[in-house]
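Note sheet for the following structure.
The values are calculated or read from the model by the stated rules, or taken from the named source; none is laboratory data. Every value quoted in this text rests on a predicted model; they were computed, and no experiment measured them. Ideal geometry is used to build each Cβ from the backbone, glycine not excepted, and the neighbour counts take in all protein chains shown. Remember, those area values only see protein heavy atoms, side chains included, never the ligands or the DNA or RNA. Shrake-Rupley method; radii C 1.70, N 1.55, O 1.52, S 1.80 Å.
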Amino acid sequence: MPGRMVAMSTVMRALLEARATCLADVELVASGERVLVRSDLTGTMQLYELVAGELVEKSALPDPVAAALYVPGSRRAVLEVDATGDERHQLYLLDLDRPAPARTRSDMEALTAAPEFGHHLAGVSPAGTVVAYVSNRRNGVDFDVWVCDLESRSHRALYTGGGWCMPSSGFSPDGRYVAVERPGDRPLDTDLLLVDTQSGESQVVLAHPDEAAQVRCPAWTGPDTCFVSSNVGRDRAAVVLCDLASGDTSTVPGVDGQWDALPITSTDGDVLLVVENRNGASALRLFDARSLREVGEVPLAEPGVVDPYAAAPPKLDLAGTRVFHSLTTPRRAADVWVGRVEGAPRQLTRSPALVTPLDLSPIETTEVAAFDGESIPLFVLRPPSLTQPAPLPVVVIVHGGPEAQATQIFNPVAQALARSGYGVVIPNVRGSTGYGKRYASLDDRTRRLDSVRDLASVHDWLATAGFDPRRAALWGGSYGGYMVLAGLAFQPELWAAGVDIVGISDLVTFLEHTADYRRAHREREYGSLTVDRPFLERASPLRSADRIGAPLFVVHGRNDPRVPVGEAEQLVARLSERGVRCELTVYEDEGHGLARLANRLDAYTRALAFLDSVLGRRPA
């Protein structure tokens, strides 16, 4: 309730019970549009179709649906589903007109049936005849490009050039190419591959052999012309028009690298939509794709993010005037909207929430000076309408990645902390994306501990913002979990407690035991076991566990293929030997993170109660 303190567990439960609905796909048909969404109305992300303004359930599987696409010209969809968080996803064909939702995998047709390997949906051809995917089924390591013919159900490897190919923006409108993105030999280095679906020949768009750069997300405006997102030769990603036949390129005026930008085009290629990342919030701008004249900005219901992780990118309607998109904001979980340059955006889905947005905290944006003069962007949340004695206890939440960004999305943990009387600080320490590739590279390999030093700079600033630096805790997941452990180990005098979720305790054992297909990719960022082992050992919190004295709460998934559960177990064993308070909970049906609502409710309410007991939150 506004104006007074409420029980922390009640607050957390109410906020975690907020459901989210994300765009999965839009099929453009003459009579209008069909819209597929993924929603966690049942506690895990399942598939729904929007029919006459209502959500119709299409799946009720025991595991979440990671992605889904329509099969054009039919009433079918392709789904990507793993098992208990193992990330070895399989692909299934679902009849959307079946009378009841698919409750088991046997209710769908398996397009892949190799549970020892991973498969990720890379597109469905415009004619609805071919499904493209990437998979490591050839050798267990390299993610090649494969296609499945939906008539014969035959599979063939289309591209086997090595590396970890990842889905991009799917097929070209004529079905000639399928786009995938392939990491280069350096951190933050991505090649855009266009693979010919007939010959299997591939071409690299905007090759950049002499610099680390990212080229991504082709958006087609003709058979041989496309816009791409590229930071080749610049610090931030501009939108570049590429003529594949001549090799000519030109940058879209006004989208020249002030902010990272992604292009999307209408089906006929006449309209260009640019999605800009402005300090972790999205802006949508429409252009005439032929003249490159800006038409205007598409307003959002409130500042937030239109392409949250695991949601499909926005999509234009046939006329190129309306934009279908997900939107999540600091005070609202994700829902699906449609917007246009003129007129207010219209909400298509309304996910249930037990707490009204006005009762939640807005985000403040600021910057903090780092030890070397770099500026660290921060988001800050304060308790809403609470008469809490200053200075406030504070929780610093560190994002994962590390090649990622804390953005202006709905974070139920952050909001629960703020509503329970804590200050919340969410930094984008060096190494974060969204602020240029120079900033994102500042933590590569043997500069890893510079990002940890940024945590100390954040701590130095806390008192000036009205927070109590003596009651400051760290919270983070995945790489953010590593940062929690590193802060406690390397800055033990600063931090009073930590919450580590699927974090890395030892960079050496992590690289030795992570999934084979991930090791080479992660070594580009963290350093090589053969070349950089001495530094990896020095930067590992486990090797300095004797310095950790702050209480620690640890959460892990038994089936985590990225950061094996042994990372948590070995650290907890070491701390327990020394009598340090350390609580470990392992969820048997989870992988890298908590995908199930029941587990999130259990883990996060207990974690918040743990912080309350350690930091001594004072009631209003």
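Quick notes on this structure:
- For the pair Ser152 and Asp256, a Förster radius of 45 Å applied to the C-beta separation gives a FRET efficiency near 0.45, rounded to the nearest 0.05.
- Taking all protein chains as shown and a probe of 1.4 angstrom, Trp461 keeps an accessible surface of around 50 Å².
- Three principal axis lengths of the range 428-573 [C-alpha, angstrom, descending]: 46, 38, 25
- Rolling a 1.4 Å probe over the heavy atoms of the protein chains gives the range 158-242 an accessible area of 35 Å² per residue.
- In this Cβ point-charge picture (+1 for Lys and Arg, -1 for Asp and Glu), the range 45-90 has a dipole of about 260 debye about its Cα centre.
- Of the whole protein surface, Glu364 contributes about 80 Å² of accessible area at a 1.4 Å probe radius.
- Mean separation of Cα contacts under 8 Å, 6 or more apart, over the residue count of the range 299-382: relative contact order %: 20 percent
- Relative contact order [Cα under 8 Å, 6+ residues apart], the range 267-424, whole percent: 18 percent
- With kT/(6 pi eta Rh) evaluated at 25 °C and eta = 0.890 mPa s, and Rh the Kirkwood radius from Cα pairs, the chain diffuses with a coefficient of 98 µm²/s according to Stokes-Einstein.
- Among the protein heavy atoms of the chain, carbon and sulfur supply 50% of the accessible surface, probe 1.4 Å, non-protein parts ignored.
- In this structure, Ser576 and Asp288 have a Cβ-Cβ separation that, at R0 = 45 Å, corresponds to a calculated FRET efficiency of about 0.10.
- Ordering of 370-381, 502-513 by packing [mean C-beta count within 10 Å, highest first]: 502-513, 370-381
- When restricted to Cα atoms, the range 175-303 yields an Rg and a Dmax of 14.6, 46 Å, respectively.
- The dipole here belongs to the range 175-281: it is taken about the Cα centre, uses +1 on the Cβ of Lys and Arg and -1 on the Cβ of Asp and Glu, and is about 280 debye.
- Take the Kirkwood radius over Cα pairs of the range 45-148, plug it into Stokes-Einstein at 20 °C and 1.002 mPa s, and you get 152 µm²/s for translational diffusion.
- Fully extended contour minus Cα-Cα distance, from Val141 to Arg533, at 0.36 nm per residue: 138.9 nm
- For the chain, the mean residue ellipticity at 222 nm estimated from helices alone is -5000 deg cm²/dmol, where every DSSP H run of n ≥ 4 contributes -39500 (n - 2.57) and the total is divided by all residues, rounded to the nearest 500.
- Å² of accessible area per residue within the range 18-111, as computed with a 1.4 Å probe and no ligands counted: 36 Å²
- Net charge dipole, the range 1-98: roughly 300 debye, given to the nearest 20, about the Cα centre with Cβ charges of +1 for Lys and Arg and -1 for Asp and Glu.
- Calculated log₁₀ intensity ratio I(q)/I(0) where the Debye formula runs over C-alpha points of the range 543-619, q = 0.16, 0.22, 0.23 Å⁻¹: -0.65, -1.05, -1.09
- The relative contact order of the chain comes to 11 percent, based on Cα pairs under 8 Å that sit 6 or more residues apart.
- One quarter of the convex hull surface built on the alpha carbon atoms of the range 226-359 amounts to 9.1 nm², the projected area averaged over directions.
- Where Thr329, Thr251, Thr129 fall by accessible area, highest first, once all protein chains stay in place (1.4 Å): Thr129, Thr251, Thr329
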